[in-house]
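Asks: Here it is, the structure in full.
The values are calculated or read from the model by the stated rules, or taken from the named source; none is laboratory data. Everything numeric here is computed off the predicted structure, so don't read it as measured data. Cβ atoms come from the backbone with ideal geometry, glycine included; neighbour counts cover every protein chain shown.
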Amino acid sequence: MKIIKINPDNYLETDRGRVWTPERSKLAWENAYSEFENSIEKNIEIVDVYIVFGVQGSGKTTWIEKHKPLKSSIYFDAALPAKKHRVRAVSIAKKYAKCVYGVWIKVPLDVAIRQNKERSIDKQVPESSITSVFAQLEEPTYDEGFDHKIIVTPMLISKK
């Protein structure tokens, strides 16, 4: 079974860790969208595409790693908080894929902030950015072009 995972953050990685600047971020997104479209087009036999979104630190990448699809799949892993942010990814997926899933990893703000702080320093996102993205979150809808929508609310375990 073939699994392809695409995340704009991967294009921010350097030999010194993740480096973010506005210019690098813009280029990372363009590269991720290009990789996404090329991956779907070259793997047309893969019928399922998952657009996995949620606030930074919510557990998107962890969910993807633990998700066990029944068939080959492509995952696009990014914050994409509102419908307007998901338009490009959904339209790319709909162009080639047979089935497009919208997967919202929905966690409380304090959980995302805590989980973000558990990341290595170079992968931590400023708390103000997390708060800003959290304020923009919108539930996925079928009118966006999703064939299925999944809302994941991970079981929260209190750390003491």
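Asks: In the stretch 33-68, how many residues are touching a residue at least 60 places away in the same chain (Cβ under 8 Å) and exposed (fewer than 15 other Cβ atoms within 10 Å of the Cβ)?
Replies: Of the residues in that region, 0 qualify.
Asks: Within the stretch 146-159, identify whether any single residue is under 19 Å from Y33 (Cβ atoms), in contact (Cβ under 8 Å) with a residue 60 or more places away in the chain and either assigned to a loop (DSSP other than H, G, I, E, B) or among the acidic types (D, E) (or both), and answer yes or no.
Replies: Yes, there is a match, as at least one residue in the stretch 146-159 is under 19 Å from Y33 (Cβ atoms), in contact (Cβ under 8 Å) with a residue 60 or more places away in the chain and either assigned to a loop (DSSP other than H, G, I, E, B) or among the acidic types (D, E) (or both).
Asks: Go through (1) touching an Asp or Glu at 6+ places or on another chain (Cβ under 8 Å); (2) closer than 20 Å to P8 by Cα and name the single condition L80 misses.
Replies: Just one mismatch for L80, condition (1).
Asks: From S72, S39, grab the single residue that is farther than 24 Å from Q136 by Cα and at pLDDT 95 or above.
Replies: Within the list S72, S39, the selection yields S39.
Asks: Output the residue which, of all residues in the stretch 88-112 that are part of a helix (DSSP H, G or I) and touching an Asp or Glu at 6+ places or on another chain (Cβ under 6 Å), is nearest to E35 (Cα to Cα).
Replies: Per the stated criteria, the residue is I92.
Asks: If you take the residues of the stretch 1-22 that are surrounded by 15 or more Cβ atoms within 10 Å (Cβ to Cβ) and among the basic types (K, R), which of them is farthest from the chain's Cα centre (by Cα)?
Replies: The qualifying residue farthest from the chain's Cα centre (by Cα) is R18.
Asks: Testing D143 on (1) within 21 Å of D9 (Cα to Cα); (2) part of a helix (DSSP H, G or I); (3) at pLDDT 95 or above, one condition comes back false. Which one is that?
Replies: Of the numbered conditions (1) within 21 Å of D9 (Cα to Cα); (2) part of a helix (DSSP H, G or I); (3) at pLDDT 95 or above, the odd one out for D143 is (1).
Asks: Quick check on the stretch 77-87: of everything there that is under 13 Å from the mean Cα position of the chain (by Cα) and in a helix (DSSP H, G or I), which residue is surrounded by the fewest Cβ atoms within 10 Å (Cβ to Cβ)?
Replies: Ranking the candidates gives H85 first.
Asks: Confirm whether E30 is surrounded by fewer than 14 Cβ atoms within 10 Å (Cβ to Cβ), over 16 Å from Y101 (Cβ atoms), among the charged types (D, E, K, R) and at pLDDT 95 or above.
Replies: Spelling it out, E30 is indeed surrounded by fewer than 14 Cβ atoms within 10 Å (Cβ to Cβ), over 16 Å from Y101 (Cβ atoms), among the charged types (D, E, K, R) and at pLDDT 95 or above.
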